[in-house]
Amino acid sequence: MAYLSYGQTVQNVNKTSGTVSMPIAQIDSIRFNTLTNQMEIIQTNGSAENHVILDIINVTFSGDWAGVVSALNCENSTITGTLLSGIASNGVAISIPYTGGNGGAYSAQNIPSTGVLGLTASLAAGTFANGSGNLMLNISGTPLSSGTAIFVLAVGEQNCTLTLNVSGWETQYPPNSVFCFSGGTAVVDITNPTTGQIWMDRSLGARQAASSSVDQNAHGDLYQWGRRGDGHQCRNSPTTAILSSMSQPSHGDFILSPGAPFNWVTPQNNNLWQGVSGFNNPCPIGYRLPTETELNNERLSWSSNNSVGALASPLKWTMGGVRSHINGQIYAENELGGSWTSTIIGPDSRLLNFVANDASMGGSVRAFGLAVRCIKN
């Protein structure tokens, strides 16, 4: 007897009575039994299919060779491009070397990421080289956080694990900044063509630019005027009734001030958010709080003086609510929007606020919690 094995896709036994085809994946081996004058096809499930040799015209194989490699070397992959949390992948690819290719074909596949979610590694259908070569995976999607994105590749009867680093935006912010979600707020510029000013496309603490006025992923954090990003701005930060005697408290609690001076710090300091070099400027490098004039010019450029116009503007403002300086509770989320300016007026500070039927500039006590949108210096 003689034993043969094959790697093609389909075996076709062409007989005088017709053609019998069988996927190669179902075939374990083929035997030619000279005692019975039959060709025996032994299947992987143990059963056998017999054909009288004299009835066989020929045996053909159709399809591509099943691609096989002896090893994938994910550890020595070459990565092109970088990934940033919250930013769509653009031009990011991975070249993975392999050895022992048999010249066979492999199918396309899309591999979703684990660890950091939101990404997909795509392998186009192709053919292995005879010997050594490289596979190219293109990375698409938007990483939802910083950290490590993991892809498990299975191809050519081998598998390996790929890891990609997704950087956060921490290095773009002042030292010791505290972020309410991993990676920090993405720094993406948006220009208002009417005013010519360049802004961040989202409020500090927002995970994305707004898709609606009530987009919770775009509401962002709520800052007390003049405080750095020390954690107090997180919507679930604890509260304390003890005023700070320092312009940079040693904690990240939201400081309540239901009575005079209605501020989180004493004595009062008017220079905490003044310009890009402001002592507590919470914005990324090269950005600052807008002045009242700058923010009002944005409001005046809206198509309507209300929340509808706020969302329709290039900056896509949302109604993220406010945090009370009296009890630390969040109020009017999805009903009222606003944002601090660097401008002061007496013991208070100026701000933008808007609701469904109106928008205006106003003032508030500095212990109040409100959103911050940064403007490029």
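The values are calculated or read from the model by the stated rules, or taken from the named source; none is laboratory data. Predicted model only: the values in this text are computed from it and were never measured. Glycine gets a Cβ as well: all are built from the backbone with ideal geometry, and neighbour counts include every protein chain shown.
If you check 102, 90, 58 for being out of contact with any Cys (no Cβ under 9 Å at 6 or more places or on another chain), of a type in the set (S, T, N, Q) and at pLDDT below 90, only one passes: 58. If you go through region 241-281 and keep only what is assigned to a loop (DSSP other than H, G, I, E, B), at negative phi and among the aromatic types (Phe, Trp, Tyr), you end up with 264, 273, 279.
When region 288-305 is filtered for residues that are buried (at least 16 other Cβ atoms within 10 Å of the Cβ) and either without any contact (Cβ under 8 Å) to a residue 40 or more places away in the chain or not aromatic (Phe, Trp, Tyr) (or both), the ones remaining, listed by number, are 288, 289, 290, 291, 292, 294, 295, 296, 297, 298, 299, 301. Taking residue 302, is it part of a loop (DSSP other than H, G, I, E, B) and in contact with a helix residue (DSSP H, G or I) (Cβ under 8 Å, 6 or more places away or on another chain)? For residue 302, the condition - part of a loop (DSSP other than H, G, I, E, B) and in contact with a helix residue (DSSP H, G or I) (Cβ under 8 Å, 6 or more places away or on another chain) - is met.
None of 186, 218, 206, 149 is outside any loop (DSSP other than H, G, I, E, B), assigned by TED's automatic domain parsing to the domain that holds residue 274 and in contact with a Ser or Thr (Cβ under 7 Å, 6 or more places away or on another chain) except 218.
Would you be able to say whether some residue in region 204-214 is at negative phi and exposed (fewer than 15 other Cβ atoms within 10 Å of the Cβ)? Within region 204-214, one or more residues are at negative phi and exposed (fewer than 15 other Cβ atoms within 10 Å of the Cβ).
Mind checking whether some residue in region 361-371 is within 27 Å of the chain's Cα centre (by Cα) and of a type in the set (Ser, Thr, Tyr)? No, region 361-371 contains no residue that is within 27 Å of the chain's Cα centre (by Cα) and of a type in the set (Ser, Thr, Tyr). Would you call residue 14 modelled with pLDDT of 75 or more, in a loop (DSSP other than H, G, I, E, B) and not acidic (Asp, Glu)? Judged against the criteria, residue 14 is not a match. Condition first: modelled with pLDDT of 95 or more, part of a loop (DSSP other than H, G, I, E, B) and under 35 Å from the mean Cα position of the chain (by Cα). Can you find one or more residues in region 338-348 that meet it? No, every residue in region 338-348 fails to be modelled with pLDDT of 95 or more, part of a loop (DSSP other than H, G, I, E, B) and under 35 Å from the mean Cα position of the chain (by Cα). Of everything in region 103-139 that is under 16 Å from the mean Cα position of the chain (by Cα) and among the hydroxyl-bearing types (Ser, Thr, Tyr), the residue that is farthest from residue 77 (Cα to Cα) is 114.
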